[in-house]
Number of protein chains: 2
Amino acid sequence: MASVKPSVPKGTRDFSPAEMAKRNYIFDTIKSVFRKYGYQQIETPAMENLSTLMGKYGDEGDKLIFKILNSGDYLKLNQTVFSFSSRNGENHKIGFWDALSYSVKLEQNQTINSDDPIVEKFVEYYGYFKEHGGPEFSKLLTSDISEKALRYDLTVPFARYVVMHQNDITFPFKRFQVQPVWRADRPQRGRYREFYQCDADVVGSDSLLNEAEFVLIYDEALSKLGLKDFTIKLNNRKILSGIAEVIDKNDNIVDLTVAIDKIDKIGLDGVIRELLEKGFTEADIEKIKPVILLQGSNEAKLRSLRDALSKSAIGLMGCDEVETVLNYIGNCPLKTAHLELDITLARGLNYYTGAIFEVKTNEVNMGSIGGGGRYDDLTGMFGLKGLTGVGISFGADRIYDVMEELKLFPETIDIGTKVLFFNLGAEESKTAYHLLQQLRQKGLASEIYHEPTKFDKQFKYAEKKNIPFAIIIGSKEIETKTCVIKGLRSGEQRSVPFEALCEFSFI
Amino acid sequence: MASVKPSVPKGTRDFSPAEMAKRNYIFDTIKSVFRKYGYQQIETPAMENLSTLMGKYGDEGDKLIFKILNSGDYLKLNQTVFSFSSRNGENHKIGFWDALSYSVKLEQNQTINSDDPIVEKFVEYYGYFKEHGGPEFSKLLTSDISEKALRYDLTVPFARYVVMHQNDITFPFKRFQVQPVWRADRPQRGRYREFYQCDADVVGSDSLLNEAEFVLIYDEALSKLGLKDFTIKLNNRKILSGIAEVIDKNDNIVDLTVAIDKIDKIGLDGVIRELLEKGFTEADIEKIKPVILLQGSNEAKLRSLRDALSKSAIGLMGCDEVETVLNYIGNCPLKTAHLELDITLARGLNYYTGAIFEVKTNEVNMGSIGGGGRYDDLTGMFGLKGLTGVGISFGADRIYDVMEELKLFPETIDIGTKVLFFNLGAEESKTAYHLLQQLRQKGLASEIYHEPTKFDKQFKYAEKKNIPFAIIIGSKEIETKTCVIKGLRSGEQRSVPFEALCEFSFI
């Protein structure tokens, strides 16, 4: 068999034992916090029906969904195969081989006599789809040859899960999910085509306690991972709606927040200039000046906002919501996080309806390491109306990079095997094996070198695998029923009787 | 948006919190044993290059691989698109739309003048591929519109991993991997299109210690899971080769083992009758009678085998290998497993070259719950020759079913949250929240009901979520700084001062 240098698809990664140890450390920490707050784990299949995913992420998202080719003879000769759509958007299907033969006749200017309305449509639109042969043809063919796709995020499969299992679920349903997702994005540094998402959501409760708990979860998980300076930014979609309402500029909220975000760099005059360029009027700016100049404590910001939004019911509701969350938190001091009301936070503006979260580390220059928010109609897309949801996500890959840069992983993280018994021959290894099993029964990860060979090689194996202790049992040791324990980092060496080995502290 | 009742693709499954708790219990147990024996975890991407997977599992396997449609405009107009192969197996490619237009001309009996040898080929083979339009066309198209596929098992991706990372790996490399695989098999009871594999392999060591350790790993992991009566069957490909050599019937080994396997049911005469029907001669049968009549202890079986195979060097080598493994095990008594030399075990005959393993429970009627063996040339398919491998796999789904049937899961397995604080109103919940955070800081999974509502509803939530303790804090309790702890299973109720809550033992 000709062999090609093997590789993985671009944008995907292998994880080595050392990387797995670090990734498990991150995931296990986050999961343990989720569990402590009453969240329960679920898993959904990697493949979803294409119809479950399409149309949920916008046109751009649809393109980035990995589709799975139907198995077997997916182009069934003269069965439903080739779709074409007429300009009014109707879809029609015709056998692929029929399509080919009709095309031939049409090219020959032959008349096609058929009572089949589909064939008539095909003839009618032949020129059109021939003209749109390229991309159009791909798109049309896809729905015929693919009915499954890889999940694009964990939220849509979760919504599907909730609707499918609604009768078995105890609401409010607090679930977490840690699984890979796939996106046909252009790969680049820090952006992969396969990556894990790490989500917790509550569905079926509009209580702001949930929002407060997510702040505590971020604080606790990231503190446990060793981060020492990070900010949880909090905003509320209703505040943004209020601002828009006050100046009647619903569509320009993003322009507004982008400009305000620059105040530290370009000053008030700069912000005003930018806003005027973007079509805001002097009167608008006057009305929202307190919003632009927002600063100080969260409480001070809230006071200014209430003044500025006094005429907007929804804006004031947003202020109330933020205040409620802040009050909950005030009652339970945060370990590490700074909690900051940031009205420039507009992430996911299209679907969030209440709270918006984002987490940033202040120790490393890096995008957000977490985010989330409340969406009032999570399951409506699958026909179950009126269920509100709120959720957060941890950006595991970025957290990994931050922890690497700050050297936050425990030094011992890639110690798997604690003890390596050296192999000095058939007889010696029998004795060694006996002791090895005793250590394992005590729960100690331990190995024996697989064959008798030079010490050098066995030391090298221990060193490369980061094994901290070697135990050496030769004929002399068998006679005296002792073994030599060698600390491979310290270089220290001790003789320990066989019967005392299990009590030895390998630290 | 029109909404359809949502579903998952056939052969795939959602896992609920209760199922996840049980699955995690199985995987965590097996992983902890792998780690204790010095195995290190890796992960590989769900998607592999199609070329990495194709041709590794036979023609049937190739068909069962889920292919992923190239993203974007995969049918590029007049770029490399349509493949066709000539009868001698050469592959050619031609632009899809060109293919259509040449077809038109050919149907019109027009002459096609082209110097392009591909076009000449197309003309030459037009009739052929038109005739083979259906399945053939699908197959040909696939290589053009798909270049990635979902992994079909963990062994081929592992071999690819070893070759790609050979310079970073410490050999012998003991790795484990627990990830889903996908197969486009017809789904049926107990057979899924997405399922987890749970594999451990050593690559780069021909020491039989590895085989012995796999027996110990099976024994320890399954004992830990609570199985009380199971058999690890052991065979060796070299013994089977020896039998074939002795009677010169290399191709009939499977017929032979299938017949011998029936001896308990149909007796010696029955087995002989079947062997004669299958083309074995009286002389053959005379030579291998000791093999057919094999019984007694493993040692007794080995003695008979040595007699029967005394003229086959490879057969005797197989006996030596089995004996070495048995000797290692003899040195470390098994906890639960029966270890049985079973020469009818021929699983994966095509690729195993040494040891063959299979595990069966004797408590439930169920296929094998584990299996594996040695394959001498794991990485040869990717160009790295001479690396031997040996590995085992746990059948997690079947182990799950066995444990369900035998009720082996711990009763408390789906207890997540230990304590639910009842919510009696804004003021009360503030106090409750303060205490709740103290319990969480102690590591206790606990929650507060998300809103003040009727006790009934809060009790029901606790009951459905299997939460064993409720804590009730009303205005009276705030006054006296005590809380009421209610055991929801026992019905017992106790008053505990706030400051003593953290010391309370929630068991």
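Odds and ends about this structure:
- Selected residue (criterion: most open to solvent (accessible area, probe 1.4 Å)) from residues of segment B:450-471 that are more than 17 Å from residue A:168 (Cα to Cα) and facing chain A (nearest Cβ under 9 Å): B:451
- Only one of A:77, A:100 that is modelled with pLDDT under 90, open to solvent by 50 Å² or more (accessible area, probe 1.4 Å) and at the interface with another protein chain (Cβ under 7 Å from one of its Cβ atoms): A:77
- Extreme residue, nearest to the chain's Cα centre (by Cα), among residues of segment A:438-449 that are crowded, with 18+ Cβ neighbours inside 10 Å and in a helix (DSSP H, G or I): A:440
- Of everything listed in (1) buried (at least 18 other Cβ atoms within 10 Å of the Cβ); (2) in contact with a helix residue (DSSP H, G or I) (Cβ under 6 Å, 6 or more places away or on another chain); (3) under 30 Å from residue A:464 (Cα atoms), the single unmet condition for residue A:402 is (2).
- Residue count, segment B:450-476 (criterion: in a helix (DSSP H, G or I) and farther than 25 Å from residue A:220 by Cβ): 9
- Subset of segment A:403-443 [out of contact with any Cys (no Cβ under 9 Å at 6 or more places or on another chain), among the hydroxyl-bearing types (Ser, Thr, Tyr) and over 16 Å from residue A:453 (Cα atoms)]: A:412, A:417
- Within segment A:437-481, the set of residues being closer than 16 Å to residue A:419 by Cβ and of a type in the set (Val, Ile, Thr) comprises A:448, A:467, A:471, A:472, A:473.
- Summed over segment A:276-288, residues that are part of a helix (DSSP H, G or I) and more than 18 Å from residue A:342 (Cβ to Cβ) total 8.
- Residue check, residue A:185 surrounded by fewer than 18 Cβ atoms within 10 Å (Cβ to Cβ), farther than 30 Å from residue B:180 by Cα and acidic (Asp, Glu): no
- Scanning segment B:422-437 for residues that are modelled with pLDDT under 95, facing chain A (nearest Cβ under 9 Å), more than 16 Å from residue B:502 (Cβ to Cβ) and open to solvent by less than 80 Å² (accessible area, probe 1.4 Å) turns up just one, B:429.
- If you go through segment B:143-173 and keep only what is open to solvent by less than 10 Å² (accessible area, probe 1.4 Å), part of a strand (DSSP E or B) and facing another protein chain (nearest Cβ under 8 Å), you end up with B:146, B:150.
- Residues within segment B:335-361 that are at pLDDT 95 or above, open to solvent by 20 Å² or more (accessible area, probe 1.4 Å) and more than 21 Å from the chain's Cα centre (by Cα), tallied: 5
- Taking segment A:209-234 as the range and being open to solvent by less than 30 Å² (accessible area, probe 1.4 Å) and more than 26 Å from residue B:431 (Cα to Cα) as the test, the residues that pass are A:225, A:226, A:227, A:230, A:231.
- Screening residue A:383 with (1) in contact with a Gly (Cβ under 6 Å, 6 or more places away or on another chain); (2) within 14 Å of chain B (Cβ to nearest Cβ) gives one miss only, at (1).
- Taken over segment A:46-75, the residue count meeting the criterion of being out of contact with any Phe, Trp or Tyr (no Cβ under 8 Å at 6 or more places or on another chain), more than 18 Å from residue B:9 (Cβ to Cβ) and assigned to a loop (DSSP other than H, G, I, E, B) is 1.
- Members of segment B:200-230 found to be touching a Phe, Trp or Tyr at 6+ places or on another chain (Cβ under 8 Å) and at the interface with chain A (Cβ under 8 Å from one of its Cβ atoms), listed by number: B:202, B:205, B:209, B:216
- Test for residue A:26: is it open to solvent by less than 20 Å² (accessible area, probe 1.4 Å) and more than 7 Å from every other protein chain (Cβ to nearest Cβ): yes
- When the criteria are applied in full, residue A:310 fails the requirement of being over 30 Å from residue A:228 (Cα atoms) and part of a helix (DSSP H, G or I).
- Looking only at residues in segment A:315-334 that are open to solvent by less than 60 Å² (accessible area, probe 1.4 Å) and more than 14 Å from chain B (Cβ to nearest Cβ), the one that is farthest from the chain's Cα centre (by Cα) is A:316.
- Summed over segment B:411-420, residues that are open to solvent by 50 Å² or more (accessible area, probe 1.4 Å) and modelled with pLDDT of 95 or more total 1.
- Those residues of segment A:366-391 which are surrounded by 23 or more Cβ atoms within 10 Å (Cβ to Cβ) and of a type in the set (Lys, Arg), in sequence order: A:374
- Residue check, residue A:107 surrounded by fewer than 18 Cβ atoms within 10 Å (Cβ to Cβ), at the interface with chain B (Cβ under 7 Å from one of its Cβ atoms) and at pLDDT below 95: yes
- Matching residues in segment A:454-475 - criterion: being of a type outside the set (Gly, Ala, Ser) and in contact with a strand residue (DSSP E or B) (Cβ under 9 Å, 6 or more places away or on another chain): A:455, A:458, A:459, A:461, A:465, A:467, A:468, A:469, A:471, A:472, A:473
- For segment A:480-491, a residue qualifies if it is at pLDDT 95 or above, open to solvent by 30 Å² or more (accessible area, probe 1.4 Å) and not basic (Lys, Arg), and the qualifying residues are A:480, A:482.
- Note on segment A:1-20: among residues that are under 18 Å from residue B:166 (Cβ atoms) and either more than 7 Å from chain B (Cβ to nearest Cβ) or modelled with pLDDT under 95 (or both), the one that is surrounded by the fewest Cβ atoms within 10 Å (Cβ to Cβ) is A:5.
- Top-ranked residue in segment A:29-50 [being small (Gly, Ala, Ser) and at the interface with another protein chain (Cβ under 7 Å from one of its Cβ atoms); ranked as surrounded by the most Cβ atoms within 10 Å (Cβ to Cβ)]: A:46
- Among residues of segment A:265-286 that are touching a residue at least 24 places away in the same chain (Cβ under 8 Å), those with a Cβ under 7 angstrom from a residue that is open to solvent by less than 30 Å² (accessible area, probe 1.4 Å) and of a type outside the set (S, T, N, Q), sequence gap 6+ or separate chain, pair up as A:268/A:292; A:278/A:259; A:284/A:247.
The values are calculated or read from the model by the stated rules, or taken from the named source; none is laboratory data. Since we're looking at a predicted model, the values are computed, not measured. Heads up, the Cβs are rebuilt from the backbone with ideal geometry, glycines too, and the neighbour counts pull from every protein chain shown. Side chains are part of the model used for accessible areas, which takes the heavy atoms of the whole protein and leaves out ligands, DNA and RNA. Shrake-Rupley method; radii C 1.70, N 1.55, O 1.52, S 1.80 Å.
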